[in-house]
Amino acid sequence: MAGETKSKILVIAASGGLGKLLVEESVKYGHPTFALFRQSALGDPLKAQIAAEFRAQGVTVLVGGVDDYDSLLNAVKQVDIVLSAVGAQQLGDQGGIIDAIKEAGNVKRFVPSDYGFLLDSKRVIEPIKTISGQKRGFRRKVQESGIPYTFVNSNFCGSLIFPTLAPPGSTDFPPRDRIAVYGDQNLKGVFNEERDIATYTILAVDDPRALNTVVYIQPEKNIISYGDLAALWEEKIGKKLERVHVTEEDIFETLPKLEIPLNILLSINYSVFVKGDQSFFQVPPEWVEASELYPHVKYTSVEAHLEKFV
Ligand SMILES: NC(=O)c1ccc[n+]([C@@H]2O[C@H](COP(=O)([O-])OP(=O)(O)OC[C@H]3O[C@@H](n4cnc5c(N)ncnc54)[C@H](OP(=O)(O)O)[C@@H]3O)[C@@H](O)[C@H]2O)c1
């Protein structure tokens, strides 16, 4: 709309995988954008390059982190909307953001680092149990603080498709010889490209329909059963792959031997493809689905994602 003033958006952890995309989408949608980088990141040539590219696009690059309250307060005071994209290891350190937003008093919406799965807490195992628990706990803290919020459930990031299909512990991505088989293969997962997750998030932060609720990202073409996902990949590469059946016992035996992030992924696969979390999760009626809110977004389908790797 002519004369419309766009909300000013701050992205905390702008050097991270999702943080970088959030900054880019914020710029794309015309928001005055502020990106918080840690001093240490600016000393890293690759991350400093990201910051330089942001500056060239008009982004205000600020220095700070969630463990530096003054930097948070300074950053938060300059914007209308605060997004955090800190990694899974820093989820417990976001409390200072709430304090800074309360002290600053000017923020219209806060989106904490979340971007998680529709998982039922009764069916999760470690290590995703702790991560999901931290995210749920922080959601409660945000709600108790009275700060206006949007929480985002992104389901699987697209980049996890091949690690999901590969046998547990394998780093042979995309798999071209062997794939894992979980359960009866009929249970469904939802895979969304990281770029689309960032797009939907940026659209939601200014949207009254997404105020004080959860935006979950579940576009129709991205809901797929494990068996269909495996068959689609085989069809794309024109090859039948060896099936490695993964039982519950195999999962419990393998999990302690895996490092982050493969252990996190295997625990998610257990919830989703053995226990059926994304098939059976009862979405609360007040939550809103991103592709229904923003039907104009041409999201990347699972099929188009696979196509890129043929
Ligand atoms: N649904 C899914 O499939 C999925 C997949 C991946 C991630 N996620 C979620 O997405 C969110 C973001 O994860 P990601 O993978 O994008 O993270 P990431 O790439 O690992 O990046 C972590 C970010 O946190 C920053 N950080 C670390 N310590 C910090 C501090 N003290 N203060 C401020 N920033 C700090 C890092 O900055 P430096 O560069 O300075 O270290 C970096 O920017 C997390 O909630 C994660 O659980 C979901």
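The values are calculated or read from the model by the stated rules, or taken from the named source; none is laboratory data. Only a predicted model underlies this, so the values are computations on that prediction, with no experimental measurement involved. Methodologically, a virtual Cβ is constructed for each residue, glycine included, from the backbone with ideal geometry; neighbour enumeration extends over all protein chains shown. Each accessible area value is taken on the protein alone, full model and side chains, heavy atoms only, with ligands, DNA and RNA left out. Shrake-Rupley method; radii C 1.70, N 1.55, O 1.52, S 1.80 Å.
How about segment 21-42: which of its residues are buried (at least 21 other Cβ atoms within 10 Å of the Cβ) and within 14 Å of the ligand (Cβ to nearest atom)?
LEU21, LEU22, VAL23, GLU24, GLU25, PHE34, ALA35, LEU36, PHE37
Are any residues in segment 268-291 more than 27 Å from THR171 (Cα to Cα) and either in contact with a Pro (Cβ under 9 Å, 6 or more places away or on another chain) or open to solvent by less than 20 Å² (accessible area, probe 1.4 Å) (or both), and if so, which ones?
GLU289, ALA290, SER291
Of the residues VAL86, VAL11, VAL59, only one is more than 16 Å from the chain's Cα centre (by Cα), crowded, with 20+ Cβ neighbours inside 10 Å and not small (Gly, Ala, Ser); which? Show your work before the answer.
Details: VAL86 fails: more than 16 Å from the chain's Cα centre (by Cα); VAL11 fails: more than 16 Å from the chain's Cα centre (by Cα).
The match here is VAL59.
Scan segment 51-77 and report the pairs whose first residue is closer than 18 Å to PRO32 by Cα and whose second residue is among the hydroxyl-bearing types (Ser, Thr, Tyr), with Cβ atoms within less than 6 Å and a gap of 6+ or a chain change.
VAL59/THR33
Quick check on my filter: what residues within segment 95-112 are without any contact (Cβ under 8 Å) to a residue 60 or more places away in the chain and either surrounded by fewer than 21 Cβ atoms within 10 Å (Cβ to Cβ) or of a type in the set (A, V, I, L, M) (or both)? It would help to see each step written out before you state the result.
Filtering segment 95-112 for residues without any contact (Cβ under 8 Å) to a residue 60 or more places away in the chain gives 95-96, 98-107, 110, 112.
Hits for segment 95-112 are GLY95, GLY96, ILE98, ASP99, ALA100, ILE101, LYS102, GLU103, ALA104, GLY105, ASN106, VAL107.
Within segment 210-267, restricting attention to residues that are touching a helix residue (DSSP H, G or I) at 6+ places or on another chain (Cβ under 7 Å) and more than 30 Å from ALA290 (Cβ to Cβ), which residue is surrounded by the most Cβ atoms within 10 Å (Cβ to Cβ)?
LEU255
Residues LEU91, LEU118: which one is of a type in the set (A, V, I, L, M, F, W, C) and more than 9 Å from the ligand (Cβ to nearest atom)?
After ruling out the rest, the residue left standing is LEU118.
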